[in-house]
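Enquirer: Structure in structure tokens, see below.
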Amino acid sequence: MKTTKNKLARRASSKKVFRHANHISTNTLINGLWNVAQAGLWPNQNFSEKEKAALKELIADHFNNNKSNKRNFKELMERICLAKRYVSRKRGRYISKPQDWLNIHYPLGLAGTSAWLERVNEVRSDVPEYNKGIQTFAKAVLCFLERPGENTFHKFRKQLIEQRQFDLLQVFYTSIINHQYAI
């Protein structure tokens, strides 16, 4: 009887450990989103620690929905990429200041890009490879946050190069540097 209880206790604890091994905190996801947003949308701006904290709180508001954190993260990441590319396609376009753009109530910011991603997903239902680069990028950043290291870095670096996603490759590099050195 005692041995059976011990076996059950070990199984339960090993399942618990296993479940948490793939768990990534919402805070880590928020920091990852901030790193990408800063690298992709405001690359030449410096922010104080106080400003970063306030901006991360605005990002956190985007996690207050019924989606899983990882799914939400990937969607937000793709939407940031869509906004980056929208601005870079035509001279004169710009991203508003971060405190507006990241605000969940600002319709011309990150909140407004939800419809953009919906349209991309509609096209993907017929053409699965459509805008695949932003999917790869979102997956790359998420995987790096979960398992930072050379293997993850090189795997996704190679994929982004093969897909000719050079603009996102640069953001990937900068985001990793910001993540690794808490910039």
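Enquirer: What angle do you read, to the nearest 10 degrees and between 0 and 90, between the alpha-carbon axis of helix 49-61 and the longest principal axis of the chain?
Expert: With rounding to tens, the tilt is 80 degrees.
Enquirer: Identify the residues of region 145-160 with backbone N under 15 Å of a label point that sits 7 angstrom from the Cα of ASN69 along the Cα-to-Cβ direction, or state none.
Expert: 145-147
Enquirer: Okay, next question. What residue among LYS70, LYS97, LYS52 has the largest mean-square fluctuation in a Gaussian network model of the chain, using Cα springs under 10 Å?
Expert: LYS97
Enquirer: For the chain, find the longest principal axis of its Cα atoms and tell me its angle to the long axis of helix 69-89, 0 to 90°, nearest 10.
Expert: The answer is roughly 20 degrees.
Enquirer: Turning to a different aspect of this structure: Give me CYS81, CYS143 sorted ascending by neighbouring Cβ count inside 10 Å, so fewest comes first.
Expert: On the way: CYS81 24, CYS143 16.
Fewest-to-most ranking of CYS81, CYS143: CYS143, CYS81.
Enquirer: Please find, in a Gaussian network model of the chain (springs between Cα atoms separated by less than 10 Å), the residue of GLY109, GLY32, GLY92 whose mean-square fluctuation is greatest.
Expert: Result for the chain, Cα springs under 10 Å: GLY92 fluctuates most.
Enquirer: Can you bin region 25-181 into rounded, prolate or oblate? Criterion: square roots of the alpha carbon gyration tensor eigenvalues sorted a ≥ b ≥ c, rounded for a/c under 1.5, prolate for a/b above b/c, oblate for the rest. Don't jump to the answer; show the numbers that get you there.
Expert: On the way: a/c = 1.30, a/b = 1.09, b/c = 1.20.
Here region 25-181 falls in the rounded category.
Enquirer: Per the helix-only calculation at 222 nm, which mean residue ellipticity applies to the chain, given -39500 (n - 2.57) for every DSSP H run of n ≥ 4 and division by its residues, nearest 500 deg cm²/dmol? Don't skip to the end; give the middle numbers.
Expert: Values: 9 runs with 131 residues, N = 183.
Roughly -23500 deg cm²/dmol at 222 nm, from the helical runs in the chain.
Enquirer: Shifting gears a bit: Taking only Cα atoms, what is the 0 to 90° angle, nearest 10, from helix 166-181's long axis to the longest principal axis of the chain?
Expert: Taking the Cα atoms of the chain, the angle to 166-181 is about 50 degrees.
Enquirer: Hey, in the GNM for the chain with a 10 angstrom Cα cutoff, which one of ASN64, ASN35, ASN103 fluctuates hardest?
Expert: Among ASN64, ASN35, ASN103, the largest mean-square fluctuation in the Gaussian network model of the chain belongs to ASN64.
Bear in mind these aren't lab numbers, they're just calculated from the coordinates by the rules spelled out. Please read all numbers here as calculations on a predicted model, not as lab measurements. Positions of Cβ are backbone-derived with ideal geometry, glycine not excepted, and every protein chain shown enters the neighbour counts.
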